[in-house]
Amino acid sequence: MHGPSISRRWLLGGVGALAGATVLSAGAIAAPAGLAPIKLPPPITPEERLARIARAQVLMQQNGIGSVLVESGPSLDYFTGVQWWRSERLTGAVIPASGEPIIVTPFFEKPSVDESLKIPAEVRVWQEHEEPLKLVADFLKERGVADRPIGSEETNRYFIIDRLQQQLPGTRIVSANPVVRALRMIKTPAELALMQAASDITIAAYRRIHPQIREGMTPDDIEKLFNAAIASFGGGSPWALILLGEAAAYPHGSGKPQHVRRGEVVLLDCGCSVHGYQSDISRTFVFGAEPTAEQRKVWDQVRKGQDIAFAAAKVGAAAGSVDDAVRAAYESWAYGPGYKLPGLSHRTGHGIGMEGHEPVNLVHGETTKLAPGMCFSDEPGIYIPSKFGVRLEDCFYMTEAGPKFFSQPPPSIDQPFG
């Protein structure tokens, strides 16, 4: 449910500090006592990035787009390997419909940008008093595509588009979604392997910290345990949303002080990154006591909701139909209707990949057809204001034969981690 925070340099790609871990062999990390080691797949290769650019150029030509502009962020990393943060200074890539792309960055940043660049590409620099979008415009003129529509990646900021149009008056700026989103939604086997490793590490971290949770702990205390566990398994960029007691009734929590108490719900919504690819897994359990009849009932209903969503996720089905199937069941159990509480106040799932949340979503009205390689969370929580909430979240990817989980949903409230 909750996405990872973005660091200043957007360094989600690297494997984090291996505190307390020993490298066994290439890509293998020694596990904490009693837990099996997890083998880390290799990062995305330069060859795969070049294949992405080649596919992007085919899509550009099919959609009448002369070039695509991508500023710093996940999509820049996706195509070029450059991991950079967003500031008022433009760092980005220009991918033409044919030929090699270029990277545009400030002069003083070039050595740092060069460190993470993973493909053949000229790096063109601008000085502090110069207009970086003129570099973009000049490049497009050189390639003979300045008069063709320019695709803007959907998260590009407005000032970039505005200043590019000043450099190329009359040039049409269009959405790059038919290129960038279309590619990023469909994961390759190498991407799926990295997401599988991130999920495996997250589950292993949960199993490690569960016995360490004590009465009186705060969310910060539990988050520290989780972060240390992720690092010990070789995962990077850990993030955690910890909701205790009544706070679990509100999907993104409460600012009120929270402590672990016997008989109350503990909701863990956490994940990590492996070479830039994310996990997102939620578990809910009752601390230190037998669950009440109501807690058990709601947990079982959410678990059933996961199964309903999974069964509805068929190749060719509209993504929104998955959410509709879950919501229909919940309404038959007297929740809702719709997003009304008690019930499910958010979408059933979101896309996931290089970002914790990416298009498209499993939400009512989404018409995008499910296809092999798409990845989603499955998290049909139930929330009861002023009391508690239950969220179980596991991510899955679509295959030709249907969905397949990265992490297996838990069997019962008494075995919340399998």
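We did not get these values from a lab; they are worked out from the coordinates using the rules stated. Predicted, not measured: the structure shown is a model, and the values here were computed from it. Every residue, glycine as well, gets a Cβ built from its backbone with ideal geometry; the counts of neighbours run over all protein chains shown.
Which of rounded, prolate or oblate describes region 263-406 when judged by the alpha-carbon gyration tensor and an a/c cut-off of 1.5? Let's see the in-between values first.
Values: a/c = 2.12, a/b = 1.37, b/c = 1.55.
Oblate shape, in that a/c is at least 1.5 and b/c is the bigger or equal ratio.
Tell me, in nm to one decimal, what length is gained between Val363 and Phe108 on full extension, where the rule is 0.36 nm per residue of separation less the Cα-Cα distance? Present the calculation step by step, with values, prior to reporting the outcome.
Working: separation 255, 0.36 × 255 = 91.80 nm, distance 4.41 nm.
Between Val363 and Phe108, full extension yields an extra 87.4 nm.
Mind checking the full-extension length gain between Arg89 and Phe159? Use 0.36 nm per residue of separation minus the Cα-Cα distance, one decimal, nm.
Values: separation 70, 0.36 × 70 = 25.20 nm, distance 1.08 nm.
Extra length available between Arg89 and Phe159 comes to 24.1 nm.
For helix 319-332, what angle does its Cα long axis make with the longest principal axis of the chain, in degrees from 0 to 90 and rounded to 10?
The two axes meet at around 20 degrees.
For the chain, set up a GNM with springs between Cα atoms under 10 Å and report which of Gln62, Gln278, Gln83 has the largest fluctuation.
Gln62
Which of Val260, Val315 has the fewest other C-beta atoms within 10 Å, and how do the rest follow up to the most?
On the way: Val260 20, Val315 15.
Ranked by crowding around the Cβ, least crowded first: Val315, Val260.
Before anything else, pin down the relative contact order of region 277-405: Cα pairs under 8 Å, at least 6 apart, normalised by residue count, whole percent.
Numbers: 270 pairs, mean separation 39.8, N = 129.
It comes to 31 percent, rounded to a whole number.
Arranged by the count of other C-beta atoms within 10 angstrom, fewest first, what order do Val174, Val82, Val179 take?
Working: Val174 17, Val82 28, Val179 25.
Taking fewest neighbouring Cβ atoms as first place, the list is Val174, Val179, Val82.
Round to the nearest 0.05 the FRET efficiency obtained for Ala334 and Ala54 when R0 = 56 Å and r is the Cβ-Cβ distance. Can you show the working numbers first?
Working: r = 53 Å, r/R0 = 0.95.
Taking R0 as 56 Å, the efficiency between Ala334 and Ala54 is 0.60.
Among Gln165, Ile95, Ala56, whose Cα projects farthest towards the positive end of the dipole of region 46-184, with charges put on the beta-carbon of Lys, Arg (+1) and Asp, Glu (-1)?
The listed residue farthest towards the positive side: Ala56.
Comparing Arg214, Arg347, Arg283, which has the greatest mean-square fluctuation in the GNM of the chain with Cα pairs linked when under 10 Å apart?
Residue with maximal mean-square fluctuation among Arg214, Arg347, Arg283: Arg214.
Helix 219-233 versus the longest principal axis of the chain: what is the Cα-based angle in degrees, 0 to 90, to the nearest 10?
60
Length gain on complete extension for the stretch Glu142 to Asp414, per 0.36 nm per residue less the alpha carbon to alpha carbon distance?
Working it through step by step, the gained length comes to 91.4 nm.
So for Thr284, Thr91, fewest C-beta neighbours within 10 Å to most, what's the order? The partial results should precede the final answer.
On the way: Thr284 27, Thr91 23.
Ascending number of Cβ neighbours within 10 Å: Thr91, Thr284.
Using label points projected 7 Å from each Cα along Cα→Cβ, tell me how many nm separate Asn177 and Lys134, to one decimal.
Calculated label separation equals 3.5 nm.
Explain nothing, just the number: relative contact order of region 187-405, from Cα pairs under 8 Å at least 6 residues apart, as a whole percent.
Averaging sequence separation for qualifying contacts and normalising by length gives 21 percent for region 187-405.
Explain nothing, just the number: dipole magnitude of the chain about its Cα centre with +1 on each Lys and Arg Cβ and -1 on each Asp and Glu Cβ, in debye rounded to the nearest 20. Intermediate values should be presented prior to the final figure.
Numbers: 41 positive and 45 negative charges, 62 e Å.
Dipole of the chain, to the nearest 20 debye: 300 debye.
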